[in-house]
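Data first, discussion second: the structure below is written as structure tokens.
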């Protein structure tokens, strides 16, 4: 897995969201697969004003503490800031300006590469001197030429 460090400005996202924990996601009470289903059924890009609608963000924010605590996941797109007639249907969240350690996953089936990437990330931070801020991390999916069997994503982890 390739990594690099970058500084990113703050952005506002709009989408569908859920509150969960990693413990819930590892067991029978998984909420994230249903959240993805809700996102795809929402037709958000036709109902809101978005920027670069080919980019899907899966934001992890509002951390209770660290990777063991509760957090909110929002799946959606960068918002233009324009008021939408459907704004009450969707949740808005701010991705803070930050320094990010970016992990570029290997290509493969989407559910496999995402799970493998997070496993690598958790192992990396157990061994590394880098410190996560838990202010807002996100997966970035580019849907141009989208092939779920050959997906490659980037995961941005906010660091000090």
Of the listed residues (79, 26, 58), the one being over 19 Å from residue 156 (Cα atoms) and out of contact with any helix residue (DSSP H, G or I) (no Cβ under 7 Å at 6 or more places or on another chain) is 26
Review point. Any chance the stretch 103-114 includes a residue that's free of Cβ contacts under 8 Å to residues at least 60 places away in the same chain, part of a helix (DSSP H, G or I) and surrounded by fewer than 15 Cβ atoms within 10 Å (Cβ to Cβ)?
Key: yes
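Results for (1) assigned to a loop (DSSP other than H, G, I, E, B); (2) closer than 17 Å to residue 90 by Cβ; (3) in contact with a strand residue (DSSP E or B) (Cβ under 7 Å, 6 or more places away or on another chain), shown as yes or no for each residue.
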position: 29; (1), (2), (3): yes, no, no
position: 34; (1), (2), (3): no, yes, no
position: 39; (1), (2), (3): no, yes, yes
position: 53; (1), (2), (3): yes, yes, yes
position: 59; (1), (2), (3): no, yes, yes
Scanning the stretch 29-66 for residues that are touching a residue at least 60 places away in the same chain (Cβ under 8 Å) and surrounded by fewer than 17 Cβ atoms within 10 Å (Cβ to Cβ), the one nearest to the chain's Cα centre (by Cα) turns out to be 55
Residue pairs within 8 Å by beta carbon, gap of at least six or interchain, first lying in the stretch 134-160 and on the phi > 0 side of the Ramachandran plot and surrounded by 18 or more Cβ atoms within 10 Å (Cβ to Cβ), second part of a loop (DSSP other than H, G, I, E, B) and modelled with pLDDT under 95, listed first then second, are 134/65; 134/66; 134/67; 136/96
When residue 9 is run through (1) in contact with a strand residue (DSSP E or B) (Cβ under 8 Å, 6 or more places away or on another chain); (2) modelled with pLDDT of 95 or more, the failure sits at (1)
Could you please let me know if residue 11 is surrounded by 12 or more Cβ atoms within 10 Å (Cβ to Cβ) and under 15 Å from the mean Cα position of the chain (by Cα)? yes
Review point. Residue check: is residue 100 in contact with a strand residue (DSSP E or B) (Cβ under 6 Å, 6 or more places away or on another chain), free of Cβ contacts under 8 Å to residues at least 40 places away in the same chain and under 23 Å from residue 144 (Cβ atoms)?
Key: no
Note on the stretch 7-27: residues in a loop (DSSP other than H, G, I, E, B) and over 30 Å from residue 49 (Cβ atoms) are 21, 27
Note on the stretch 65-81: residues within 22 Å of residue 24 (Cα to Cα) and in a loop (DSSP other than H, G, I, E, B) are 65, 66, 67, 68, 69, 70
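Please go through the stretch 70-92 and pick out each residue that is over 15 Å from residue 51 (Cα atoms) and modelled with pLDDT under 95. Quick ask: steps written out before the conclusion?
Of all residues in the stretch 70-92, those over 15 Å from residue 51 (Cα atoms) come to 70-74, 85-91.
Matches in the stretch 70-92: 85, 86, 87, 88, 89, 90, 91.
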For the stretch 125-132, state whether one or more residues are surrounded by 12 or more Cβ atoms within 10 Å (Cβ to Cβ), in contact with a helix residue (DSSP H, G or I) (Cβ under 8 Å, 6 or more places away or on another chain) and modelled with pLDDT of 95 or more.
yes
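The values are calculated or read from the model by the stated rules, or taken from the named source; none is laboratory data. All of these numbers come straight from a predicted model, not from anything done at the bench. Every residue, glycine among them, receives a Cβ derived from its backbone with ideal geometry; neighbour counts consider all protein chains shown.
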